[in-house]
Every structure is written in structure tokens, then in C-alpha cells.
Amino acid sequence: MLRRLQEKSPLSHLCSFIATELTGHGQRKKRSSGTSILSLPTEVLSEVLARVASSSSTDLFWAKLCCKLLYEVSDADIVYQRVSLAKFEIVPWQKNHKVSSFLKKCRESKNPEALYRKGVVDFFTDKHGDSALECLEEAANSGHADAAYALGIIYIFVGGDELKRKGMRLLSGMKKSGILKGRVKLCRDNLRALLRMI
């Protein structure tokens with residue numbers, strides 16, 4: 001089973017390469033370069049792992065199993081900030097301490113999706129309204145379009161006059177933006193889908 005999972009993972013080649021480098025096996029000819037992926041600076045390795053994590057949290061977890069160095073490097077804030085949360089439930093059916101700790105580390109590392117999810121769930125379940133808005137603001141400020149849309153809607157319907165104006169500016173700014181113009185409907189649909197899960 002483990003072998004089958006590794007074969008499906010695009011990271012399996014990297015893990016195999018690292019294992020070969022660590023053990024010294026597979027050296028048929030002396031290489032002209034003594035450079036190993038493990039000799040790269042930790043900043044470069046953390047950037048590589050952050051890119052891997054941004055497309056698949058599963059691949060990040062496989063990378064952590066490759067060797068001690070990748071395990072240690074994968075704990076960098078940049079990795080948690082960019083890791084994909086697509087495979088994690090918005091509202092889990094049962095509590096899992098490891099998943100909760102992972103998501104908390106993502107929020108502490110300013111992962112926009114983790115902040116957005118926490119903000120929406122907390123706000124619409126009447127938990128910590130102020131901190132929920134802070135999470136949404138932080139996610140929106142980092143460029144998370146869904147968070148900006150949710151924040152605009154919340155400000156318009158719940159806030160006082162000043163917040164309503166701020167909400168209108170947020171939403172009109174999205175519609176005027178060349179990049180986000182076509183995303184408003186998608187943001188609305190994503191928010192509806194998230195609210196149905198709560």
C-alpha cells in the first residue's frame with residue numbers, strides 16, 4: 001500500500017533521489033559534481049517545499065518522511081503559509097488533534113485560506129466576532145479574494161454606516177479590478193458553499 005501511494009505521488013522521484021543521496025547507493029560512476037540537493041541552503045529547500053505544499057498537502061507530508069533535513073525544513077513558516085488546504089474539511093465531523101494543530105500552525109503562519117476559513121466559521125457561528133473579522137481582514141489584505149468578498153458582505157449587512165461604506169468600497173474595488181472582476185460570482189458561490197458546510 002505504501003509503495004502504491006508513493007508511486008502515485010509526484011514527489012516520489014524527489015524522495016527516491018534524496019534516499020539515494022543519503023545512502024550513497026546507486027552511484028555507478030563518480031559524478032562530476034559533488035552537489036546534492038541536501039547541500040542546498042535551507043532557504044532554498046523551504047521555498048521548494050513551499051511550492052510543493054501549495055499544490056498538495058499530501059506531497060508535503062511525503063516530503064517530511066523522506067529524511068530528517070526535509071522534516072525540519074518543512075516546519076518553516078513559509079511552508080505553512082502556502083500549504084494547500086483543499087483536502088481538509090472546513091468543519092470536521094470529528095476532532096482530530098493533529099489536524100487541529102496543523103491548521104492552527106497554518107493560521108499562525110498567516111496562511112490566507114486558513115485565516116479565511118476560521119474567520120467565516122467563527123463569524124457565522126457567533127464565536128469571537130472581533131477575532132473572526134481580524135482573520136478575514138488579514139486574509140483579504142494578503143490577496144485572498146474570497147475573504148475580501150466575505151468581508152465586504154459582512155460590513156454591508158452588519159456594520160454601521162462607516163463599515164457599510166468600507167464594504168461597498170471593497171466590493172466595488174473587486175468589480176473594478178481587472179484581475180478580480182470575473183471572480184466576484186465565484187467568490188459568492190464559494191461563500192455560499194462554505195456557509196452550507198457550517
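Every number in this text was worked out from the coordinates using simple rules, so none of it is lab data. What you see is a predicted model, and the numbers here were worked out from it, not measured in a lab. Because the Cβ atoms are built from the backbone with ideal geometry, glycine has one as well, and the counts that use them run over all protein chains shown.
A few remarks follow.
- Computed label-point distance, nm, for sites Phe61 and Lys181 using a 7 Å Cα→Cβ extension: 4.2 nm
- Förster-model FRET efficiency, 25 Å R0, Glu89 and Val158, C-beta, rounded to 0.05: 0.45
- In terms of the mean number of neighbouring beta-carbon atoms within 10 Å, the peptides 82-91, 140-149, 49-58 order highest first as 140-149, 49-58, 82-91.
- Cross-link pairs beyond the 30 Å C-alpha cut-off, checked among Lys98/Lys127; Lys110/Lys175; Lys98/Lys175; Lys98/Lys185: Lys98/Lys175; Lys98/Lys185
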